[in-house]
Amino acid sequence: MKRIFVFTIVLAMILAFGACTETLIENPELKSGNKGNEKLTGIDEWGFNWNAHQFNGYLINMMLGDHYFEGWPHYQQHVYHGEGIEFWNMLQTSYGYFNLLMPIELLDTRLNAHWNDGLISKEGVYPTGWVNSDAWISFKYSGKNGNKRWSHFRKLVAAQTGDHLDKQDTNGDGVVDMYDELGTWYNADGEEIGFESAYWPELIVVQVVNTGNVPPFFYAEYVSPWGPGYGHYKAK
């Protein structure tokens, strides 16, 4: 079954910036604007509560305020308050790559995300990697299509040693890359445990729940054969 993804943050951004911005992307997968020397409490203006391991606000503000993007030109330069297309046009004019972070159709999409300390510390610091950790994160996107509401929920957990990704050349160009259908993760015994995340290579999608007329950018519904629990398959 083909699964459509929202945006490919890391890979698309690397392709867009290329060699001219290598100094901005020493490690494009895991970065943090806070090196652990600063205690972060409460909700910041973008919607992050790092100490409580959660984000609640506009999806676009996650792109603007996430410590993941420390060093990128747009990082913590703007906050969206619902201004609409004018705000988007300003961002795209100022940062020509911004449309690669998310599609304009999701401008007013809301996001409620929760994670644990294994994914990002209470100081907002990303680790060097997640394999063999207890890291997990959940995302709930929501919005309106006309007068009808929709939501998309997904849950991801960290891969373990022995887990492997089976990804095929589904578009027939002879290369297995970001443009192919998302692959499936299996454990060491060859049993399916989830599918590939389009932008976090060390995390596995174990559950997707859709309600209403979900935009076509999102994953199809899915439940891992091992169950949707954050650490369920690891304990088996």
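The values are calculated or read from the model by the stated rules, or taken from the named source; none is laboratory data. What you are looking at is a predicted structure, and each value in this text was computed from that prediction instead of being measured. Every residue, glycine as well, gets a Cβ built from its backbone with ideal geometry; the counts of neighbours run over all protein chains shown.
Go through (1) free of Cβ contacts under 8 Å to residues at least 40 places away in the same chain; (2) closer than 17 Å to residue 226 by Cβ for residue 139 and report which single condition fails.
Result: residue 139 fails condition (2) only.
Suppose the filter is surrounded by fewer than 21 Cβ atoms within 10 Å (Cβ to Cβ) and of a type outside the set (A, V, I, L, M, F, W, C); does residue 140 pass it?
Taking the combined requirement at face value, the residue satisfies it.
For the range 109-119, does any single residue satisfy the condition of being small (Gly, Ala, Ser) and in a loop (DSSP other than H, G, I, E, B)?
Step one: filter the range 109-119 for residues small (Gly, Ala, Ser), giving 113, 118.
Applying the additional criterion that residues be in a loop (DSSP other than H, G, I, E, B) yields 118.
Yes, because at least one residue in the range 109-119 is small (Gly, Ala, Ser) and in a loop (DSSP other than H, G, I, E, B).
Within the range 97-121, can you find the residues that are among the charged types (D, E, K, R) and touching a strand residue (DSSP E or B) at 6+ places or on another chain (Cβ under 8 Å)? Let's see the steps before the verdict.
If we filter the range 97-121 for residues that are among the charged types (D, E, K, R), which is where we start, we get 105, 108, 110, 117.
Of everything in the range 97-121, those that are among the charged types (D, E, K, R) and touching a strand residue (DSSP E or B) at 6+ places or on another chain (Cβ under 8 Å) turn out to be 108, 110.
Kindly indicate whether residue 171 is within 24 Å of residue 218 (Cβ to Cβ), at pLDDT below 95 and either polar (S, T, N, Q) or not in a loop (DSSP other than H, G, I, E, B) (or both).
yes
Take the range 45-78 and flag every residue that is out of contact with any Asp or Glu (no Cβ under 9 Å at 6 or more places or on another chain), surrounded by fewer than 19 Cβ atoms within 10 Å (Cβ to Cβ) and small (Gly, Ala, Ser).
Residue satisfying the conditions is 52 alone.
Please find, among 82, 96, the residue that is small (Gly, Ala, Ser), closer than 26 Å to residue 216 by Cβ and at pLDDT 95 or above.
Just a single option satisfies the conditions, and that option is 82.
If I filter the range 143-166 down to residues being in contact with a Leu (Cβ under 8 Å, 6 or more places away or on another chain) and not in a loop (DSSP other than H, G, I, E, B), which single residue comes out as surrounded by the most Cβ atoms within 10 Å (Cβ to Cβ)?
157
Hey, can you tell me all the residues within the range 182-206 that are acidic (Asp, Glu), assigned to a loop (DSSP other than H, G, I, E, B) and within 17 Å of the chain's Cα centre (by Cα)?
Selection gives 202 alone.
So residue 124 fits all but one of (1) of a type in the set (Gly, Ala, Ser); (2) in contact with a strand residue (DSSP E or B) (Cβ under 9 Å, 6 or more places away or on another chain); (3) within 27 Å of residue 226 (Cβ to Cβ); what number is the exception?
(3)
So residue 96 ticks every box in (1) surrounded by 15 or more Cβ atoms within 10 Å (Cβ to Cβ); (2) assigned to a loop (DSSP other than H, G, I, E, B) but one. Which box is left unticked?
(1)
Looking only at the range 165-176, decide whether some residue is of a type outside the set (A, V, I, L, M) and touching a strand residue (DSSP E or B) at 6+ places or on another chain (Cβ under 7 Å). Can you show your working first?
Restricting attention to the range 165-176, the residues satisfying the condition of being of a type outside the set (A, V, I, L, M) are 166-174.
Now restrict to residues that are touching a strand residue (DSSP E or B) at 6+ places or on another chain (Cβ under 7 Å): 166-167.
Yes, the range 165-176 has at least one match.
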